[in-house]
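Asks: Attaching a single structure in structure tokens format; questions to follow.
Read-outs: derived from the displayed coordinates by stated rules, not from any lab. Keep in mind that this is a model prediction, so the values were computed, not measured. No Cβ is skipped: glycine too gets one built from the backbone with ideal geometry, and neighbour counts run over all protein chains shown.
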Number of protein chains: 4
Amino acid sequence: MKRNKPKFKQIIDAAVIIIAENGYHNAQVSKIAKQAGVADGTIYLYFKNKEDILISLFQEKMGQFIEKIEEDITEKEKAVDKLYMVIEKHFKLLSDDHHLAAVTQLELRQSNKELRLKINDVLKGYLRVLDSILETGIAGGEFRDNFDRRLARQMIFGTIDETVTTWVMNEHKYDLMALVPGVHDLLIKGFGVSS
Amino acid sequence: MKRNKPKFKQIIDAAVIIIAENGYHNAQVSKIAKQAGVADGTIYLYFKNKEDILISLFQEKMGQFIEKIEEDITEKEKAVDKLYMVIEKHFKLLSDDHHLAAVTQLELRQSNKELRLKINDVLKGYLRVLDSILETGIAGGEFRDNFDRRLARQMIFGTIDETVTTWVMNEHKYDLMALVPGVHDLLIKGFGVSS
Amino acid sequence: MKRNKPKFKQIIDAAVIIIAENGYHNAQVSKIAKQAGVADGTIYLYFKNKEDILISLFQEKMGQFIEKIEEDITEKEKAVDKLYMVIEKHFKLLSDDHHLAAVTQLELRQSNKELRLKINDVLKGYLRVLDSILETGIAGGEFRDNFDRRLARQMIFGTIDETVTTWVMNEHKYDLMALVPGVHDLLIKGFGVSS
Amino acid sequence: MKRNKPKFKQIIDAAVIIIAENGYHNAQVSKIAKQAGVADGTIYLYFKNKEDILISLFQEKMGQFIEKIEEDITEKEKAVDKLYMVIEKHFKLLSDDHHLAAVTQLELRQSNKELRLKINDVLKGYLRVLDSILETGIAGGEFRDNFDRRLARQMIFGTIDETVTTWVMNEHKYDLMALVPGVHDLLIKGFGVSS
DNA sequence: AATGAATGAGTGTTCATTCAT
DNA sequence: AATGAATGAACACTCATTCAT
């Protein structure tokens, strides 16, 4: 399996750096090859084409994150705690790797529609995680049961995503981790007064 | 002023159609010119370059929407009603023009970073509108006053944006307008049970 | 006759300034029109096309110079004095008008071959003047009669031209007029020792 | 070093032919590539841009000529013989390659000012050769010592250049080599009678 | 497995010229 | 005579991908 060979990861890590530093449209295959320390042609022994590098990059980084979070939240019993953990780990992942944050929030979105559709496939796993948290919460009486679940998970994902994007666009000039409680609180309670 | 000449709008409308139908990267200037019924060179009498068409497109369509919504919400007294109106009119704008929806939610995001920064300038007006609604709501006792307002407005914008994008990616196969009450409800109350 | 209308000269003078200041390839018709204080289209009432402006420019400036010099040298009796006068007046013309010097020595040579051939027609008058001086000199015993007259006139013209071009390329940083005696002396006597 | 690879020379030779046959402004990169038997993109592996082809062309052809002539004239002892050799070899170079003659005398002069300045750098080597010949001649008593050397070398270069250009403009319809003695004679002795 | 020289398709923009007013 | 908005042809250069070694 190519995914497990060292050069596979080597090229993906090179891609993250090159894209973060040069922007999506200035991240030529030859630059990535140079950064990875391989010849241009070698890239094509591990990836079908340039797009495949980007998809693989997203799968490796976000896909693994989703798999991991899926496991991690089993530790927590309550849905509110599971949700807190998702937000926290999501923010942590990107807070710890500014290059990756720039790539996922800004650069990769400049890709064409097909690539974005494939990226969305990866994100479906994320939405499944959110779904299961919502289910747990409703079953356990932590969440009400009269809301549109699909909308709720779009709210959760949209809010997290927008928060991170704004942070990246502001050049990480404030602490993303500090926002975890506020985001969690707003998602659960909204900003209205409880009756 | 060029912005008021008929050909200015004519070219922008042509651009929306061509970009929606061909995708951002296949929307050649010559295609746009042909659709607009003008010569290639005429484009450059009204726009500095191709990027300028896209910025102007966004300014015309979203910028005007924001200006209008700013006025319209003065009709409503309560913050919850103002918010409802924003969601409703935002969804309506894009629900009524599927081409425009595809362009704003998918295609225009493929532009380079500089263009996206300019687009963000336009969106700052939107965030200001949301801010003022939140202020009104807090002042009037409709909203609680112990939440991070910047996060709240990112939640509102992120949720609306994500909801529309998902709708566009699903090829408009359900009724976007039907989601207005659900989105409004979730934003105000969250999905937690009120204590 | 268009040549005598005020706008004809107005446009030519504008062309000299625009070409000198912007270079041949940045001297757009619209710039020349603006400098001349007329509309773009008006140019085409006086000139067949852009090339025609440049030919006319050269004809007006150098053609008139040649006609004048042809008359002026009749004042002098001796061929050496006639030659001196030619060099002197040629240098003076360009020394007095740095814009014109830049245009004739550098910018106009960037034109295409056809234009250069037409410019050469104008210069044929110059060569005729030089021919007649050589004839006079030979007849009067001032010049020897065993040299190739065509080569001699190419030497005269080539030397004058090269001297002016070098002066323009050195940004007129020395006094061109001071070189008249030296050029005259070298042309008549060469640099060999006379036997 | 790219300059020594066969394709480098191959492309330059193709450029000479294409420019001579089509003129400077009709010498598209794709035409040159086709003539050279390489792909358009290959050109850019050897040259920075189109202008770089032209500079390199001049450097290869004239630069090498100058280096060679510098060596060759050491064979001759007398300055008059050295000068004769320069004229002869210069005429021979261009007499033997009509394409090259057309390119250096007519086409390359249509280039923009910056390119011409770089061409002038190459020609500085030529002027140095002429200087050293003049020095030798003065030191050896062959040439007088009361003339402006800068003017003299401008006379030599200007005369040679004008003679070749006239020959090219007359479509090589007479024998350039036959003019060598006449040019040499005029430069040394001028056309005046020796006192 | 790895290389890297070679390929060649694809497009935004300028500006001389026209012509309806 | 004069205008100036509109025209549309023309081209250098990049870079993802291949394939002989």
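Asks: Return a whole-number percent for the relative contact order of chain A, with Cα pairs under 8 Å and 6 or more residues apart as the contact set.
Replies: Working: 145 pairs, mean separation 46.4, N = 195.
Normalised by residue count, the contact order of chain A is 24 percent.
Asks: Taking GluC sites (Glu not before Pro) that fall in a DSSP loop and have at most 15 other Cβ atoms within 10 Å as cut points, what is the longest piece of chain C between them? Working shown, then result.
Replies: On the way: sites that count: C:E77, C:E171.
That gives C:78-170 as the longest site-free run.
Asks: Report the label-to-label distance for A:H25 and A:E70 in nanometres (one decimal), using points 7 Å from each Cα along the Cα→Cβ vector.
Replies: It is 3.7 nm.
Asks: Round to a whole angstrom and tell me the spacing of the C-alpha centers of segment D:1-32 and segment A:96-125.
Replies: 45 Å
Asks: Moving to a separate point now. Multiply the residue separation of C:D175 and C:S194 by 0.36 nm, subtract the distance between their alpha-carbon atoms, and state the gained length in nm to one decimal. List each step's numbers first, then the result.
Replies: Numbers: separation 19, 0.36 × 19 = 6.84 nm, distance 2.92 nm.
Here the segment from C:D175 to C:S194 would lengthen by 3.9 nm.
Asks: To continue, here is another question. Would you be so kind as to identify which of D:Y84, D:V193, D:I160 lies farthest towards the positive end of the dipole of chain D, taking Lys and Arg as +1 and Asp and Glu as -1 on Cβ and the Cα centre as origin?
Replies: My answer, from the dipole projection, is D:I160.
Asks: Moving on. Defining the label point at 7 Å along Cα→Cβ, can you sort the distances from D:E135 to the same site in each other copy, shortest first, in nm?
Replies: Label-point separations across copies, in nm and ascending: 4.5, 8.1, 9.4.
Asks: May I pose another question? Of B:Q10, B:L130, B:G63, which is farthest along the charge dipole of chain B in the positive direction, counting Lys and Arg as +1 and Asp and Glu as -1 at C-beta?
Replies: B:Q10
Asks: Mean residue ellipticity at 222 nm from the helices of chain A, using -39,500 (n - 2.57) per DSSP H segment of n ≥ 4 over the full residue count, to the nearest 500 deg cm²/dmol? Numbers along the way, then the final one.
Replies: Numbers: 10 runs with 131 residues, N = 195.
Result for chain A: -21500 deg cm²/dmol, rounded to the nearest 500.
Asks: On a 23 Å Cα-Cα criterion, which of the cross-link pairs B:K50/B:K118; A:K31/A:K124; C:K5/C:K68; C:K124/D:K92; A:K48/A:K89; A:K31/A:K89 come out too long? Before the final figure, lay out the partial values.
Replies: On the way: B:K50/B:K118 14 Å; A:K31/A:K124 31 Å; C:K5/C:K68 21 Å; C:K124/D:K92 27 Å; A:K48/A:K89 31 Å; A:K31/A:K89 31 Å.
The pairs that break the limit, which is 23 Å between Cα atoms, are A:K31/A:K124; C:K124/D:K92; A:K48/A:K89; A:K31/A:K89.
Asks: Can you list, shortest first and in nm, the gaps between the label point of C:P6 and those of its counterparts in the other copies, using a point 7 Å from Cα in the C-beta direction?
Replies: List, nearest first: 3.9, 6.9, 8.5 nm.
Asks: Under the classification rounded if a/c is under 1.5, otherwise prolate if a/b is larger than b/c and oblate if not, where does segment A:83-125 fall, given a ≥ b ≥ c as square roots of the Cα gyration tensor eigenvalues?
Replies: On the way: a/c = 3.92, a/b = 1.44, b/c = 2.72.
Since a/c reaches 1.5 but b/c is at least a/b, the shape of segment A:83-125 is classed as oblate.
Asks: Using the beta-carbon distance between A:K92 and A:N120 and R0 = 22 Å, what value does 1/(1 + (r/R0)^6) give for FRET efficiency, to the nearest 0.05? Numbers along the way, then the final one.
Replies: Working: r = 23 Å, r/R0 = 1.05.
Calculated transfer efficiency: 0.45.
Asks: How much net charge surrounds D:F157 when only the other residues with a Cβ under 12 Å from the Cβ of D:F157 are counted, with Lys and Arg +1 and Asp and Glu -1?
Replies: Working: positive: D:K124, D:R128, D:R150, D:R153; negative: C:D161, C:E162, D:D131, D:D161, D:E162.
After counting each charged neighbour, the total is -1.
Asks: Hey, another quick one. Counting pairs of alpha carbon atoms under 8 Å apart in space and at least six apart in sequence, what relative contact order in percent does segment D:1-67 give? Could the numbers behind the result be given before it?
Replies: Details: 40 pairs, mean separation 21.1, N = 67.
Relative contact order, segment D:1-67: 31 percent.
Asks: How much net charge surrounds C:G141 when only the other residues with a Cβ under 14 Å from the Cβ of C:G141 are counted, with Lys and Arg +1 and Asp and Glu -1? Before the final figure, lay out each step's value.
Replies: Values: positive: C:K78, C:R144; negative: C:E77, C:E135, C:E142, C:D145.
Charge balance near C:G141 sits at -2.
Asks: Considering only the other residues whose Cβ falls under 10 Å of the Cβ of B:L45, what net charge follows from Lys and Arg at +1 and Asp and Glu at -1? Could the numbers behind the result be given before it?
Replies: Numbers: positive: B:K2, B:K5, B:K7; negative: none.
Within the 10 Å Cβ shell, the charges total +3.
Asks: Mind checking segment C:1-84 for trypsin sites (Lys or Arg not before Pro) that DSSP puts in a loop (not H, G, I, E or B) and that have at most 11 other Cβ atoms within 10 Å? Walk me through the intermediate numbers first.
Replies: Numbers: sites: C:K2, C:R3, C:K7, C:K9, C:K31, C:K34, C:K48, C:K50, C:K61, C:K68, C:K76, C:K78, C:K82; in loops: C:K48, C:K76, C:K78.
Counting only loop positions with at most 11 other Cβ atoms within 10 Å, the trypsin sites (Lys or Arg not before Pro) in segment C:1-84 are C:K48.
Asks: Considering the rotational relationship between chains A and D, which residue of chain A contributes the beta-carbon of minimal distance to the axis, and what is that distance to the nearest Å?
Replies: Measuring from each Cβ to the axis, the minimum is at A:G41, 4.
Asks: Hey, got a sec? Which trypsin sites (Lys or Arg not before Pro) in segment B:108-195 land in a DSSP loop and have at most 13 other Cβ atoms within 10 Å? Can you show the working numbers first?
Replies: On the way: sites: B:R109, B:K113, B:R116, B:K118, B:K124, B:R128, B:R144, B:R149, B:R150, B:R153, B:K173, B:K189; in loops: B:R144, B:K173.
Here the trypsin sites (Lys or Arg not before Pro) that fit, given the DSSP loop and packing criteria, are B:K173.
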